Amino acid sequence: MSLPQIGFIGIGVMGKSMAGHVLNAGYPLMVYNRTKEKARELLERGALWADTPTAVAARCDIVITMVGYPQDVEEIYLGSKGLLANAKPGAIFIDMTTSSPMLARRLYETGAKQGVKVMDAPVSGGDIGARQGKLSIMAGGDAAVFQEVLPVLNCFGTNIVLQGPAGAGQHTKMCNQIAIASNMMGVCEAMAYARQAGLDPQKVLTSIATGAAASFSLSNLAPRMLAGDMAPGFYIKHFIKDMKIAIEAAEEMSLKLPGLLQAKTLYDQMAAAGYADHGTQALFLLYTGRTSV
């Protein structure tokens, strides 16, 4: 049997690597991105270019989307010119954008009415996980559809779990972002404390990164902080978007999350000071007095 035609919409920091792994696995790939130049390397490796998202929908069996914000997801999926209205019969859509659980359910229900299958499957692992093909993927949707797309998800993920029905993947991603939010404050404060105490922060990391304080942020982002590398593996502006979604979802459930609220306050200050397009590790600048925040 021939492999399904895969479509990938959103060739960003993570999407480029993810789409590259799909190519490496031998799948025929069609891509679309608002800026064609960002897809140049994939095109040179054999990917096909689509001039519009609807062209991807009309020709591909499985379409993966990874765009910026919930409003981008809504715009690209819904309406007469959206992906769902122009889908190839029997197509499967996997939205890997971190987005609203409510919107994920809406896409699923709209797709079902049109005979199209939709899953939400946000990821965690940042640019490093995307490059290494080791992303954690949190899926929501039908079990049969999940099994059908699992070989494709295996191209760039190593921890892939169906969390429940439509929207469950997005809710799980909110749990992930909530845990990261307070952890990032703790990592920044630990490194700032180490410096202020006259310690060698690198040696401190050697001792604490594998103990009870161990975390992805401590092992992967703290070294970037200390080296002054604030390039985005994950943008501050996108993290703020995620925290806003989580706060709104928590409010709907009458749940108070003070740690998340504090983290968002600090990151909002960073964005206001001009750091929205920096990596989330740039929060460290707030603690070292290198920003006017």
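Structural remarks
- Counted residues, the range 85-102 - those being of a type outside the set (S, T, N, Q) and surrounded by fewer than 21 Cβ atoms within 10 Å (Cβ to Cβ): 5
- Unmet criterion (only one of (1) buried (at least 23 other Cβ atoms within 10 Å of the Cβ); (2) assigned to a helix (DSSP H, G or I); (3) of a type in the set (Gly, Ala, Ser)) for Ala139: (2)
- Summed over the range 143-175, residues that are of a type in the set (D, E, K, R) and surrounded by fewer than 18 Cβ atoms within 10 Å (Cβ to Cβ) total 1.
- Conditions (1) in the same structural domain as Gly15 (by TED's automatic domain parsing); (2) of a type outside the set (S, T, N, Q); (3) in a helix (DSSP H, G or I); (4) surrounded by fewer than 16 Cβ atoms within 10 Å (Cβ to Cβ); number of the one not met by Arg105: (4)
- When Thr210, Thr206 are checked against the criterion of being farther than 30 Å from Asp72 by Cα, at pLDDT 95 or above and among the polar types (S, T, N, Q), Thr206 stands alone in meeting it.
- If the condition is being without any contact (Cβ under 8 Å) to a residue 40 or more places away in the chain and under 18 Å from Gly289 (Cα atoms), then the range 227-242 contributes Ala227, Gly228.
- Condition check for Gly126: at pLDDT below 95 and crowded, with 19+ Cβ neighbours inside 10 Å: yes
- Output for the range 136-163, where each listed residue is aromatic (Phe, Trp, Tyr) and either out of contact with any Leu (no Cβ under 6 Å at 6 or more places or on another chain) or over 13 Å from Asp120 (Cα atoms) (or both): Phe156
- Yes/no for Lys88 being closer than 24 Å to Pro151 by Cβ, in the same structural domain as Pro151 (by TED's automatic domain parsing) and basic (Lys, Arg): yes
The values are calculated or read from the model by the stated rules, or taken from the named source; none is laboratory data. From a predicted model like this one, the values you see are computed outputs, not experimental measurements. Every residue, glycine among them, receives a Cβ derived from its backbone with ideal geometry; neighbour counts consider all protein chains shown.
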